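For reference, the structure discussed in these notes is given below.
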Amino acid sequence: MLERTSALASVIPGKGKPGVGGAIGLQLGEARGFALIQVAGFAKAMGKVESRLAALTGGRVPENVRIPVQTGAGWVFRTGPEQVWLVVPAAGDVLARLTREIAPEFGVVTDLSHSRTRIFIDGARSVDALKKGFPLDLSEAFLAAGEAALTGVHHTPVLLHRVTRDRFEIYAMRTFALTVWAWLADASHEFGYEVASSEMGHTV
Amino acid sequence: MTAYRLSRGGRIDRRRPVAFLFDGKPQIGFAGDTIASALLGNGVMLLGRGFKYHRPRGVFAAGPEEPNALLTLGEAGRREPNIAATTAELVDGIVAQSQNRWPSLALDLMAINQLAAPVLGAGFYYKTFMGPAKKSWMRYEPLIRRAAGLGKAGVAADPDRYEGRHEFTDVLVIGAGPAGLAAAIAAGRSGARVLLVEQDFALGGSLLSEPAGALEADWLAERIADLGRLGDVTVLTRTTAFGLYDGNTAGLTERRDHERPDPASGRARQVTVTVRAGAIIFATGAIERPLVLANNDRPGVMLASAARTYLNRFGVASGKRIVVATNNDSAYRAAFDLADAGAAVTIADLRAAPDEILAARARAKGIALLPGTAVAEVLGRRAVAGVRLADWKGEDQPIGSARESIEADSVLLAGGWSPTVHLTSHRGIKPVWREDIATFVPGGFAAGQVGAGAVIGTFTLAGAILEGATAGARSAQALGHDRSGAADIAIPAADRGEDGDLRILPAWRIPSRRHGKAFVDLQNDVTVDDVTQAWREGYRAVEHLKRYTTLGMGTDQGKTSNINALALMAGLSGAEIAEVGTTTFRPPYTPVALGALAGRAVGAHFRPVRRSPLHDWHVANGATFIEAGPWLRAWYYAWAGATPAEAYIKEMEVVRRGVGIADVSTLGKIDVQGPDAAELLNRVYVNGFLKLASGKARYGVMLHDDGTVLDDGTTTRLSDTRFFMTTTTAQAGEVMSWLEYLLQTAWKDLRVHVSSLTDEWAGMSVSGPKAREALQLALPGEDLSGERLPYMGAIETALEGVPLRIIRLSFSGELAYEVFTPADYGIAVWQHILTAAAPLGMKPYGLEALASLRIEKGHVAGLEIDHRNTLADLGLAKMAGREKSFVGKSLMQRPNLNREDRWSLVGLESLEPDKKVRGGSILFAPGEELKGHGHGYITSVTWSVELDRTIALALYDGALKHEGEEVIAAFPLKDEQVRLRIVSPHFIDREGKRLHA
């Protein structure tokens, strides 16, 4: 049986660090067990692609990057004018169905499930840790729970998803995941953090 | 007499003494002190030495404008030089040292420089130290630097943490004096998100210098309470706005020394904050400037406003017999307060008729008021002993002969006020001269920015509060936050008679009839004579004056000197000050520690590190790593040796004689999909891709549009509409961007999407004569015969349900396969293959062997593809399709790209086995002088296990026209030369029998 190895296998499970005064204010971890499917339509056929997507996921396709849509199938993120990402449970058949449903003349489907590592940070001081590197206004007025941003941290491109007020998920490039994790852990140090066990399919 | 601490008064907490060391001597101050106020309170007047002449210097100011009292704080890794004692908050245990003296501050032998003063004028080093030999300056410079200058940074690693942070706000208010407080409160009441930053450790700005119990003090306490009641107002003290940048972005430095942050707890000592604001309100106040007179640098001479600050804020009197030299009203406040504190005060006012109300008050307080009188000279050497007074009838009139000398222990200078326009000018808006208040004010503000209070020339308290409140409310309103009454902020009834407009009689220098240096810039030891000399020698522009004399340089950037110098220049030129203008203000406003700028980008976090999906296996199995761009790659493995030189040869032998496996996950991988995917590839590659069959791979080369080679790689057709492209590791990002660029601009009609798969797929190369056998052991059910999987064939299959893409191609020149699998399965598949093929002796090989194998084969890589060479240069000219069009085809025809003497690919064999051949060596013909760029250079070099000698690839003038000739490879840095012979770059298997096996 061939086993998957996470990019963060060397740090999860692992120990956190207490912060100032021994505080443990944050939880860092990795959400696993998801499939990331990229669907890109051709300019004149994007409408058809979107309607197929909507039918398949049971929800509408988001209009902009900032406000993703949570459907019955999972999260749908707009990542470009003609491009969306679906984050769905790994065990499902969404990829196969999309590949069947979206004909090559309308658009393309690409499996990116292994290309991103989903790192989460949770806790009341999560914004304080993230603002050390994310050049984003992380106030709830500008990035509310459920909203997302295509941005960058530690010189690498990431998708940042604010799942709840205090929980953020960072979709980091797999090959940079450990460096992003190290950055995040260091940024979280003063608030104290613990490393959570890997979560399978959390919030998908 | 020296300065001394009063028995009561001030904003210090006398119940909390704070112990510290100054030059090794124990000192005691109080919580709320700066180091300067604590030392003055202890009667320490001598804090430093002058830059050039090493004259004794004391505290001159009470803020960041301090030119003299620069100290080195901390020890070992925490040693930090050039900190103004006037801004350093007193913290228990501080170790402070004076600077620029030898052997001690009290006995500084370098003061001998004063004897050489006549030859140390402006620009002396430009003239004096250029001879006699050509490079004499190189010998003099270290000596000069040792003899003059500021503090020295430590060399030990700093144990503290530093970091950066991003903040966003509606309204950024810079400065928490009366205008800034009013602005923040008004904007906050309007509903805006407000960030108020203050460089001091206390809020209040100029109000902190008002006597305790005054109406202003009550007002300050009430406004601070107001701020606390506003929910969305963030206040950052100990935070300096050091720069203004595009898009209402400001740079701040936040200091936390008072917390004594423990790096082990993760808390940073300093933070660089990048603030993006909807609006910025500058409430940065103004800085008092001195009068320029003889010996105005003696310890005990300070700005009048500073003396008032030390008195009212810190409970420290600057002396007992005080002379105030002024040309304006503001100095009277200091005089009155000091007289109230018991000092004997004399006011020497240049104006013949000072304001009557002020004069009456002065007399009522027992102050000796001397109108029309100049302090012509300060007496004393290590401390103020007195002053010499003279009649003053204006700058255009000769100063009167010395009228009298009076004893004094403190001289206070009040030459007017200079608004702190630095930040407002950082984006290029020049300050403008205002004749009525004899100073420069901001020349305007960018959209979304406004000034309030003294920074725009409003020197009354009421005016500052009103302007601040209005600015706060309007800035908030412009951003959609509007509540009536937001700007209604009480104004304290200022009936003390001193809160009037600034009445001033400009005076830029007080000439003396006696000898005595009159310093314009105290930090850089620039005198009136230096400015005059510079002007005499032709330095008429202020920027030239600055660079020739060093005036306005250093840690204070001329905050107390610039305006006086400009005015002196104007006077020498007969020009108006407005015409002379100012020098250019650039960030930072005050010094910023390099650590704060670097933040956490040090050590392991210096830059991001990219790791292969197989990285953990390499770690666990004895790999030594090497950085390759952002990647951390397995360089060689412990099984093969302890050193790279030893290991890579063994690893090469495994591949040439058996089978090895290498991690090639770093290759760029791109999904090219769509009905027009083949057309896209056919346009970007120089060779044809339209007819590539499914299940087949093809080597391709693509060009920049200027006709030079961009990259090479292999692309596999997986279906009619889907291709799997690989690129070199180095060019992966560039190729991806190039394809996206073409699709989004030039060829929007093509129905193709490209996606990076570099992170999605792990890749491994199984290479060697036994490669097929090895893979067959790993995939026993798969037909890997030459018939099903010939050279440049590809199959998609699965191993226990895990997808595999197997492409038969070779970088090493041996029979080889590249196996790709989804990244998380990379280690499992790699381990499976290694285990299955163990009976064949399969071993992993690293980057060094990988690169050496390709040199033997003569494959070009990043070292040869340097973005300057053509297809022909790299021996690839035959690949270009003659009938088809492709990017770069037109410009590759340029004559210059087709010269016969272009440096082109050759192989080299060493003729001297005992000598080392180095990459980058310059190639010369035998007997030729080893000078200049030669005829080419070595791009790659290795030991050949097949040929048992050192071989290399090189780019050489005329290439294989010279086959068989000898060349000299010179490496001038080590003075090494080696003889080599030019040969074909294909050192092994030119017929390709091995890879077709």
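The values are calculated or read from the model by the stated rules, or taken from the named source; none is laboratory data. Note that the structure is predicted; figures quoted are calculated from it, not measured. We place every Cβ from the backbone using ideal geometry, glycine too, and count neighbours over all the protein chains shown.
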Give me the pairs: first residue in region B:178-195 and touching a residue at least 12 places away in the same chain (Cβ under 8 Å), second residue among the acidic types (Asp, Glu) and crowded, with 24+ Cβ neighbours inside 10 Å, beta-carbon distance under 6 Å, and six or more apart or on different chains, which are they? B:Ala179/B:Glu467
Given the condition over 14 Å from A:Ala35 (Cβ atoms) and touching a residue at least 60 places away in the same chain (Cβ under 8 Å), answer yes or no: does some residue in region A:80-96 qualify? no
Residue list for region A:45-61, filter: closer than 20 Å to A:Ala96 by Cβ and more than 14 Å from chain B (Cβ to nearest Cβ): A:Glu50, A:Ser51, A:Arg52, A:Leu53, A:Ala54, A:Ala55, A:Leu56, A:Thr57, A:Gly58, A:Gly59, A:Val61
Of the residues in region A:1-44 that are at the interface with another protein chain (Cβ under 8 Å from one of its Cβ atoms) and touching a strand residue (DSSP E or B) at 6+ places or on another chain (Cβ under 7 Å), the one that is farthest from B:Arg722 (Cα to Cα) is A:Lys17
Would you say B:Ala762 is without any contact (Cβ under 8 Å) to a residue 24 or more places away in the chain, part of a strand (DSSP E or B) and within 14 Å of another protein chain (Cβ to nearest Cβ)? no
Picked from region A:120-153 (must be polar (S, T, N, Q) and outside any loop (DSSP other than H, G, I, E, B)), the residue farthest from the other protein chains (Cβ to nearest Cβ) is A:Ser126
Tell me which residues, restricted to region B:601-637, are part of a helix (DSSP H, G or I), buried (at least 20 other Cβ atoms within 10 Å of the Cβ) and more than 9 Å from every other protein chain (Cβ to nearest Cβ). B:His618
Does at least one position in region B:582-600 carry a residue that is at negative phi, within 12 Å of chain A (Cβ to nearest Cβ) and of a type in the set (A, V, I, L, M)? no
When the residues of region A:93-119 are filtered to those that are facing another protein chain (nearest Cβ under 9 Å) and among the charged types (D, E, K, R), which remaining residue is nearest to A:Thr175 (Cα to Cα)? A:Arg116
Looking only at region B:923-955, how many residues end up being surrounded by 14 or more Cβ atoms within 10 Å (Cβ to Cβ) and closer than 19 Å to B:Asp866 by Cβ? 14
Go through region B:334-357 and count every residue that is buried (at least 23 other Cβ atoms within 10 Å of the Cβ), in a loop (DSSP other than H, G, I, E, B) and among the charged types (D, E, K, R). 0
Being small (Gly, Ala, Ser), closer than 30 Å to B:Gly846 by Cα and either assigned to a helix (DSSP H, G or I) or in contact with a Pro (Cβ under 6 Å, 6 or more places away or on another chain) (or both) is the filter here, so list the residues in region B:725-759 that pass it. B:Ala732, B:Gly733, B:Ser737
For region B:209-317, which fully contained strands (runs of 3 or more DSSP E) count at least 1 residues that are in contact (Cβ under 8 Å) with a residue 24 or more places away in the chain and surrounded by 24 or more Cβ atoms within 10 Å (Cβ to Cβ)? B:239-245, B:249-255, B:270-282, B:286-288, B:301-303
Hey, can you tell me all the residues within region B:49-79 that are surrounded by fewer than 23 Cβ atoms within 10 Å (Cβ to Cβ), of a type in the set (D, E, K, R) and under 22 Å from B:Ala147 (Cα atoms)? B:Arg79
Among the residues of region B:559-590, what is the count of those that are in contact (Cβ under 8 Å) with a residue 40 or more places away in the chain and outside any loop (DSSP other than H, G, I, E, B)? 10
Flag for B:Gly558 being surrounded by 16 or more Cβ atoms within 10 Å (Cβ to Cβ), within 14 Å of chain A (Cβ to nearest Cβ), farther than 30 Å from B:Glu760 by Cα and of a type outside the set (Ser, Thr, Tyr): no
Name every residue in region A:158-182 that is in a strand (DSSP E or B), among the β-branched types (Val, Ile, Thr) and within 13 Å of chain B (Cβ to nearest Cβ), in order of residue number. A:Val158
Within region A:70-92, does at least one residue satisfy the condition of being more than 9 Å from chain B (Cβ to nearest Cβ), in a helix (DSSP H, G or I), of a type in the set (Val, Ile, Thr) and in contact with a strand residue (DSSP E or B) (Cβ under 8 Å, 6 or more places away or on another chain)? no
The conditions are (1) at the interface with chain B (Cβ under 9 Å from one of its Cβ atoms); (2) under 24 Å from A:Leu86 (Cβ atoms), and A:Arg66 fails exactly one of them. Which is it? (1)
In this structure, is B:Ala414 touching a helix residue (DSSP H, G or I) at 6+ places or on another chain (Cβ under 7 Å) and either under 30 Å from B:Asp226 (Cα atoms) or not hydrophobic (A, V, I, L, M, F, W, C) (or both)? no
Starting from residues that are within 14 Å of another protein chain (Cβ to nearest Cβ) and of a type in the set (A, V, I, L, M), keep the ones in region B:181-208 and report whichever is nearest to B:Thr240 (Cα to Cα). B:Leu195
Among the residues of region A:186-196, what is the count of those that are more than 7 Å from every other protein chain (Cβ to nearest Cβ) and out of contact with any strand residue (DSSP E or B) (no Cβ under 6 Å at 6 or more places or on another chain)? 2
Return the residues of region B:430-477 that are of a type in the set (S, T, N, Q) and closer than 28 Å to B:Gly415 by Cβ; say none if nothing qualifies. B:Thr439, B:Thr458, B:Thr460
Some residue of region B:456-470 being assigned to a loop (DSSP other than H, G, I, E, B), farther than 16 Å from B:Ile287 by Cβ and at pLDDT below 95: yes
Condition first: assigned to a loop (DSSP other than H, G, I, E, B) and either free of Cβ contacts under 8 Å to residues at least 24 places away in the same chain or hydrophobic (A, V, I, L, M, F, W, C) (or both). Now tell me which residues in region B:881-908 satisfy that. B:Arg882, B:Glu883, B:Phe886, B:Val887, B:Arg899
For the structure I just gave you, tell me whether B:Leu172 is part of a loop (DSSP other than H, G, I, E, B) and at pLDDT 85 or above. no
Can you list residue pairs whose Cβ atoms sit under 9 Å apart, with the first residue in region B:139-155 being closer than 17 Å to B:Met110 by Cβ and the second being of a type outside the set (Phe, Trp, Tyr) and in a helix (DSSP H, G or I)? Count only pairs 6 or more apart in sequence or on different chains. B:Tyr140/B:Thr128; B:Ala147/B:Met110; B:Ala147/B:Asn113; B:Ala148/B:Met110; B:Ala148/B:Asn113
